[in-house]
Each structure stands twice: as C-alpha cells, then as structure tokens.
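The values are calculated or read from the model by the stated rules, or taken from the named source; none is laboratory data. Every value quoted in this text rests on a predicted model; they were computed, and no experiment measured them. Because the Cβ atoms are built from the backbone with ideal geometry, glycine has one as well, and the counts that use them run over all protein chains shown.
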Amino acid sequence: EISSLNLIASTQSMPFSHNILPRVLSFYHHWKKIYGSMFLVWFGPTPRVTVSDPALIREIFVLKSDLFEKNESPALVRKIEGDGLLSLKGEKWAHHRKIIQPTFHTENLKSMVPLMGKSIEEALAAWPEKMSDSGKIEVEVSDWFQKIVRDVITRVTFGSSYSEGRAIFELLAQQMVHATEAYQKFFIPGYRFFPTKKNRISWGLEKEIRRLLLKVIDGRRRLRSGGVPEEVSGECPDDLLEVMMRAADESAPPLAVTPGDIVEECKTMFFAGQHTTSNLMTWTAVLLAMHPQWQEQAREEVLRVCGSREIPTKDDLAKLKTLAMILNESLRLYPPAVAVIRRAKSDTQLGMLQIPSGTELLIPILAIHHDPTLWCHDVHEFNPARFAKGVAHAAKHPMAFMPFGLGSRRCIGQNLAILQAKLAVAIILQRFSFELSPSYQHSPSVLMLLHPQHGAPLVFRKL
Ligand code: HEM
C-alpha cells in the first residue's frame, strides 16, 4: 500500500535555488537518512516515489522491466523532444529502436571520426585571430561545444544530405527556443493553442521544418528510383534518414514507418543528443580547468598515444584510458540527465513494498551519483581514479553509476556521446592548456538538464 511508504507531504516550502548541487542534494541525503532509500516526494501536481536503492533499481530496469514503463511526457514537452524514441512506447518503440540501432553502432560511428575531427577543426579555426598577443583566448565553452555537437548530430542524422540537414536543424533550434518559452508558461492551460505572436512563429517554423524534411526524403527517393547512386562523401554510411527510409520501404501496417515518423525521430535526435553531449564536454573542460594535475596527466596520455597526428584516429581514441576515466567521473559528478521516471503498469511488488498501478517512480541519478553510502568518503570530489578498474567496479554497487539510464531504454546515443567528447577534449588537450576565467561562477543548475547557469568561460593558452 502506498500508505506504508514513508510520506513527505510537500516540499513546496523548500527554498528555491538554481544551484541545486549543494541544496537539493543535502535535502535528499537528509531525507534518505530519515526515511530510507524509498520515499514519496510530493512536488508539484504528481506524487513520486523516489527510489535510490541499487537493488530496487535493478528490479525496475532489469528483473521486472516489463512491469514498468516510461511516464507520459506532457504534449508541450513532446513538441520539443519530438514523438520519437524518447517518448514512444510498446511495439512502435521496439520497432523504431531496432531500425535506428545500426546508426549508433560503434563501427558505423567510428567511420565518422575524421568528419567529427573536421567539425572540431572548423570550430577552432576562428581562435587564432582572436588570440591576445600573449597567446591567450577566453571562450564560453558551453556554446562552443554545442556548435560542434550540433554539427556532428547533423552528420549522423542526415549523412550526405548534410547541408539541407544544417538548415533544418537551424530551424529546429529556433523552434525549440519558442517551444521552451511556451513550456515555461505551461501553467496557463492550453497556452500552446493561443494565437500569440510567439506561438504563430513556432507554428510557422514547425511547418517549414516538416516541408524541408519531406523535401530531403523525397529527393533521396527520386535519386534511388532513378538508379542514380547517392553521393558518397565519407559521411555516416547508415545515417538516421537512410535507416528510417529503408524501414519505411520494407515495413507494413500496423508498424508502417511514415514520413511523419521520420520527421519526429530527427527532432528527437536533435533534442536528445545536443545539449546532453555538450554539457558532458563543458563539465569535463571545467573539471580539468579546476584540476590541473589531471589535465596534465590526460595531456601526456594524448600526446603519447597520438604522436604528431593532428586528429586522433579511432584506434587512438580507444587507447585513451585516462580520458575515459575523466569522462566517467565528469558524468558521475554532473550527469546531464539528473533523473529518470518510470510508472508501474499494474500493482507490483518492489522490494518489500506493494506499488499500486500508475505510481510514478523517480530514480534520482544525480543524488545516487553523490550518495556517500554507495561511493567512498570522497564522493563529492573529482577523482577519476575510482574508474581505473572499469565502470562496474567504481562504486559499491554496479547500478550506482547510470548517466545513460539502464536496461532496454538506456541511451541509444551513448557511444556517439563518448566518441565525440573524447575526440573534442583530446584535440583541445593536444593544442592548449586551460584554466577557469576570473569571471567563471560555479552554478550547476537544472533546466531540463544539468548545465552551468552562468555559462563556462575558460581561458586557453596555446602550447
Ligand atoms: C535516452 C542520457 C546523449 C539519444 C537517454 C536516457 C538517458 C540519456 C539517461 C534514458 C532516459 C530514460 O530511461 O528515461 C544521455 C546523456 C548523453 C546522451 C547523459 C550525453 C552525455 C545522447 C545522444 C543521442 C541520444 C548523442 C542521439 C544523438 C537518446 C535517445 C534516447 C536516449 C533517442 C531514448 C532511447 C529509448 O528510449 O529507446 N539518454 N544521452 N542521447 N538518448 Fe541519450
């Protein structure tokens, strides 16, 4: 019975602060000490059972995964994230996951390393002319990484239709800004249907995005049916558009893949991949700027492995063990996705408790990653060495580290995110040393994802 759970009636009185790390974490650990590793938090309209015991997390995501489903995102959120893999459920989700998986297969992605390197080189090209006479430059890295990530996701999604893809993603970025503003006014029922100026712009953008995407799909179809080979330029061979279009040709009702489905999956990739990955890169750069001894250790490894190669190869990247540890530690301390939510599909036994059908379970990734009972006494410190023996042995329980989620719905883009982050950080380490700018303010904040509220200005010095 729900009543048998420890109940916290409301957290409405909690002082609101963007700087969630010290505040929310201290609330969470306080509650955990009093109420145990499963308690109910009533924050906003929906009560949620917070589950942080790794053994129960294994039940939810592995042992009894078919008894729990993703919760329904509100219509406005779905408008931002697309009606794709992130929010689909049941047979349609399984069908799309199977179709899209090859795009994110390591072999498919590795062939793209030179192109990812090109994106990073292009982004770096503007730096020399902006450098001071002493060879220094200040860069707000969260925006800078975002541009790189967007470029790479465009290549993974659109492959050889890259330039059209760029234009589409440009519009999507604009549309996301408008939809997010509408989301913030979410408390006004039906706000998204009001013909306000912003909503009208958003609707116009939506229409244009759809038109351009359908044009690209149509163009590819005509090329194929005319027997004209697709222009192959070393782009992502199994790009998202390609695998979805193949599936559209082969699938039949009730699981037919429509052009509308392709549009929604493109939106989802843009939403799910962009800010998550750029946040990982940003926090990693900030942490290395704060810990110069780890920066030096990572640089030594990159220089030893890559020699004089300006762009590390895929084999080089596989050998960068210290960098891999650093990225994991960054994902532990600052997981871009701070929580995941599941809902019980029916009355279910979870550990010793009966969970009524429809109960929402919140798995607080951020808090689990900072739980001193699951990690060592230095839980809040940056110590990449804890990952030296691999991810499974870093904490006291293998389920205590879950930045990409767990189980069948774990992140499909994990390999891409790690590959991009490794490459971008390695190239920077090869060429520059860096430190925090005097204007840097440490302010981890959550607006959907964990990001630095005041940006991340760093000062780079040419080596
Ligand atoms: C799912 C985190 C990068 C696409 C997820 C989930 C997490 C996550 C926690 C699970 C959500 C849940 O269980 O409810 C991250 C982090 C990333 C990252 C931390 C970067 C550091 C990417 C990239 C892409 C991507 C680069 C694609 C370009 C997706 C998709 C799903 C997903 C489509 C839904 C998968 C499914 O339900 O089948 N991600 N993600 N993510 N991610 Fe990522």
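Residue selection: A94 satisfies the criterion of being assigned to a helix (DSSP H, G or I), out of contact with any Pro (no Cβ under 9 Å at 6 or more places or on another chain), over 26 Å from M176 (Cβ atoms) and at pLDDT 90 or above.
Does at least one position in segment 96-112 carry a residue that is surrounded by 14 or more Cβ atoms within 10 Å (Cβ to Cβ) and free of Cβ contacts under 8 Å to residues at least 60 places away in the same chain? No: zero hits. Within segment 385-407, residues that are at positive phi and modelled with pLDDT of 95 or more sit with their Cβ atoms under 7 Å from residues that are within 13 Å of the ligand (Cβ to nearest atom) and not in a helix (DSSP H, G or I), at 6+ positions apart or across chains, in these pairs: G405/V340; G405/C411. Listed by first and then second residue, the pairs with beta-carbon distance under 7 Å, at least 6 apart or on different chains, first residue in segment 314-332 and without any contact (Cβ under 8 Å) to a residue 24 or more places away in the chain, second crowded, with 19+ Cβ neighbours inside 10 Å, are K319/V305. When segment 299-313 is limited to residues that are crowded, with 17+ Cβ neighbours inside 10 Å and either in contact with a His (Cβ under 8 Å, 6 or more places away or on another chain) or touching a residue at least 40 places away in the same chain (Cβ under 8 Å) (or both), the one that is farthest from M112 (Cα to Cα) turns out to be R299. Against the conditions (1) of a type in the set (S, T, N, Q); (2) under 23 Å from the mean Cα position of the chain (by Cα); (3) away from the ligand (no atom under 16 Å from the Cβ), Q297 satisfies every one except (2). Considered as a group, the residues in segment 73-91 that are touching a residue at least 40 places away in the same chain (Cβ under 8 Å) and surrounded by fewer than 15 Cβ atoms within 10 Å (Cβ to Cβ) include one that is nearest to the ligand (Cβ to nearest atom), and that residue is E91.
Looking only at segment 401-458, filter to residues that are among the charged types (D, E, K, R) and not in a helix (DSSP H, G or I); which one of those is nearest to the ligand (Cβ to nearest atom)? Reasoning before the result, please.
Step one: list which residues in segment 401-458 are among the charged types (D, E, K, R), which gives 409-410, 422, 431, 435.
Filter again for not in a helix (DSSP H, G or I), leaving 410, 435.
Numbers: R410: 6, E435: 24 Å.
Top of the filtered list is R410.
Residues that are closer than 17 Å to I311 by Cα and not in a helix (DSSP H, G or I) within segment 98-151 comprise S111, M112, A125, listed in sequence order.
Restricting the search to segment 327-342, which residues are hydrophobic (A, V, I, L, M, F, W, C) and either within 11 Å of the ligand (Cβ to nearest atom) or more than 17 Å from the chain's Cα centre (by Cα) (or both)? Across segment 327-342, the qualifying residues are L327, L331, A337, V338, A339, V340, I341. Of the listed requirements (1) modelled with pLDDT of 95 or more; (2) surrounded by fewer than 16 Cβ atoms within 10 Å (Cβ to Cβ); (3) in a loop (DSSP other than H, G, I, E, B), R461 misses just one: (3). Spot the failing condition for V113; the list is (1) modelled with pLDDT under 85; (2) within 30 Å of R246 (Cβ to Cβ), and only one is missed. Among (1) modelled with pLDDT under 85; (2) within 30 Å of R246 (Cβ to Cβ), the lone unmet condition for V113 is (1). When the residues of segment 262-294 are filtered to those that are touching a strand residue (DSSP E or B) at 6+ places or on another chain (Cβ under 7 Å) and over 18 Å from Q441 (Cα atoms), which remaining residue is farthest from the ligand (Cβ to nearest atom)? Among those residues, the one meeting the criterion is H275. Summed over segment 414-450, residues that are within 23 Å of T180 (Cβ to Cβ) and modelled with pLDDT under 95 total 9. In a residue-by-residue description of segment 343-356, the property of being crowded, with 21+ Cβ neighbours inside 10 Å and within 14 Å of the ligand (Cβ to nearest atom) applies to no position.
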